[in-house]
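Written below as structure tokens is the structure these notes are about.
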Amino acid sequence: MFGNFRAACDRGFELFADAIIDNFDVIYEDSVIANDYYDLYFIGEDLERAALYKTELLLPQPNLIWSKWGHGILELYRSENRQEFFFTTALHKGIRGSFPLIMNTKLFHFNRDAEHPKIINTFGNVMHVDGNWDDDSTFIMLYSTLDSMLTSTIYQRQFDYNIDGELINSSERIFELVKDGIPVPKFSNINPVSNDLRYKLFPVKTDTSIVLNLIDELNGTKNFITELKGEIKTNGWNTTSDYLFLTSQFQKDSTELIIVNLREMNLTRRFSDLGEMNFIIIGNLLIFDTGVKENSYITLYRYRRDKIYSTIRITGGCGINSIPKANRIF
């Protein structure tokens, strides 16, 4: 018996990973329920376009879920509980004149129980598009497009959707290119406080680096962790708030990923590679992508044991949310 669902999932995974058991189920009120390690949706190449894949995590084996000509996937956005998903697609991505161009951009939605992506909006040709979950109930989509007649005018449009992919709000802002420049939608990926409110990021910028400190509110201490070579891109805390994961970009195409044990206040591992090193935390697994284009792949890392559990590879490359630096998406 376990105190909660997540503790049962984590214990089952550790026993499986250590080859003590060959499978496990999580049972609640006499019913078997999907455990945290059941699956992972990710993006990989299929027929020279970015497509949607799924794999089990216990024994990774990628399976193609959705691939459609003219609809190469730009980015996959998953809710925090990994039940609801949105993704954007395009026919082509490049430059027209002096401006970025993403052609025939569309937005799709699906959920974990019904793997049938449905199109919910068509944005046409845009300059930039990005999305973010505001919480587990609202997804925000932003895109920018040139006025078809007055090319000095740029429209930035926002659409808010509920978990069923239904539009609940929309708004528009107008920018003048000469005065305002090109608006680039950007969401903050920094979560400065741990889930239990005990720990807080305290970075200090110097002339040559960023000094990463952590404040322990319970003990009233500030602890030096490491020096970072570049700006903090994103961070995450595991559900039990005893590990911190953080990425920083130290060169144009290079990223560093660090893992910090919060109870011991020490740096347990540092990864660095080309690409963005997007990551997701699932129980006792840190899952992240490394490399770019056809050399990109996904790593499953047991952060409590400091051991690589497995890797996921697709011919043509793959990543957590997209194929990093992909030459082609359609």
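For the reader, a short list of remarks on this structure follows.
- Hits in segment 144-165 (condition: small (Gly, Ala, Ser) and within 31 Å of the chain's Cα centre (by Cα)): SER144, GLY165
- Test result for ILE287, under 12 Å from the mean Cα position of the chain (by Cα), modelled with pLDDT of 95 or more, buried (at least 19 other Cβ atoms within 10 Å of the Cβ) and hydrophobic (A, V, I, L, M, F, W, C): yes
- Per-region count, segment 181-211, residues acidic (Asp, Glu) and surrounded by 13 or more Cβ atoms within 10 Å (Cβ to Cβ): 1
- Looking only at residues in segment 2-48 that are modelled with pLDDT of 95 or more and touching a Phe, Trp or Tyr at 6+ places or on another chain (Cβ under 6 Å), the one that is nearest to ASP113 (Cα to Cα) is PHE42.
- Residue identified as in contact with an Asp or Glu (Cβ under 8 Å, 6 or more places away or on another chain), under 17 Å from GLY230 (Cβ atoms) and among the hydroxyl-bearing types (Ser, Thr, Tyr) among THR290, THR299, THR268: THR290
- One residue from MET149, MET127 being modelled with pLDDT under 95, more than 22 Å from ARG78 (Cβ to Cβ) and buried (at least 19 other Cβ atoms within 10 Å of the Cβ): MET127
- For segment 272-301, a tally of residues being assigned to a strand (DSSP E or B), of a type outside the set (Ser, Thr, Tyr) and under 17 Å from TYR37 (Cα atoms) returns 10.
- Look at segment 117-130: where a residue is more than 11 Å from ARG157 (Cα to Cα) and a partner is basic (Lys, Arg) and assigned to a strand (DSSP E or B), sitting 6+ places away or on another chain with Cβ atoms under 6 Å, you get ILE119/LYS106; THR122/LYS106.
- Filter pass, LYS106 being farther than 30 Å from MET265 by Cβ, among the basic types (Lys, Arg), out of contact with any helix residue (DSSP H, G or I) (no Cβ under 9 Å at 6 or more places or on another chain) and at pLDDT below 95: no
- Applying the condition of being of a type in the set (D, E, K, R) and within 19 Å of THR145 (Cβ to Cβ) to segment 59-116 and asking which residue is surrounded by the fewest Cβ atoms within 10 Å (Cβ to Cβ) yields ARG96.
- The listed residue being in a strand (DSSP E or B) and not hydrophobic (A, V, I, L, M, F, W, C), out of ARG269, ARG304, ARG263: ARG269
- Some residue of segment 171-180 being over 20 Å from the mean Cα position of the chain (by Cα), under 30 Å from ILE259 (Cα atoms), without any contact (Cβ under 8 Å) to a residue 60 or more places away in the chain and not in a strand (DSSP E or B): no
- Selected residue (criterion: nearest to the chain's Cα centre (by Cα)) from residues of segment 52-97 that are among the aliphatic types (A, V, I, L, M) and closer than 16 Å to ARG313 by Cβ: LEU57
- Those strands (runs of 3 or more DSSP E) of segment 181-257 in which 1 or more residues are under 17 Å from the mean Cα position of the chain (by Cα) occupy 231-237, 243-251.
- Complete set of residues in segment 50-62 that are modelled with pLDDT of 95 or more and among the charged types (D, E, K, R): LYS54
- The one condition from (1) of a type in the set (Ser, Thr, Tyr); (2) within 22 Å of SER79 (Cβ to Cβ); (3) in contact with an Asp or Glu (Cβ under 8 Å, 6 or more places away or on another chain) that SER194 does not meet is (3).
- For segment 171-210, the set of residues classified as more than 24 Å from TRP133 (Cβ to Cβ) and in contact with a Pro (Cβ under 7 Å, 6 or more places away or on another chain) consists of PHE175, ILE210, listed by residue number.
- Residue list for segment 170-207, restricted to those being modelled with pLDDT of 90 or more and among the hydroxyl-bearing types (Ser, Thr, Tyr): SER170, SER171, SER194, TYR199, THR206
- Test: residue in segment 233-248 that is aromatic (Phe, Trp, Tyr) and more than 24 Å from ASP39 (Cα to Cα): no
- Leading residue by the ranking (surrounded by the fewest Cβ atoms within 10 Å (Cβ to Cβ)) among those in segment 216-236 that are closer than 19 Å to ASN191 by Cβ and touching a Ser or Thr at 6+ places or on another chain (Cβ under 7 Å): GLU231
- Being over 30 Å from PHE224 (Cβ atoms) and either in a helix (DSSP H, G or I) or aliphatic (A, V, I, L, M) (or both) is true of LEU101.
The values are calculated or read from the model by the stated rules, or taken from the named source; none is laboratory data. In this text the structure is predicted, and so the values were computed from the model without any measurement. FYI the Cβ positions are ideal-geometry reconstructions off the backbone, even for glycines, and counts take in every protein chain you see.
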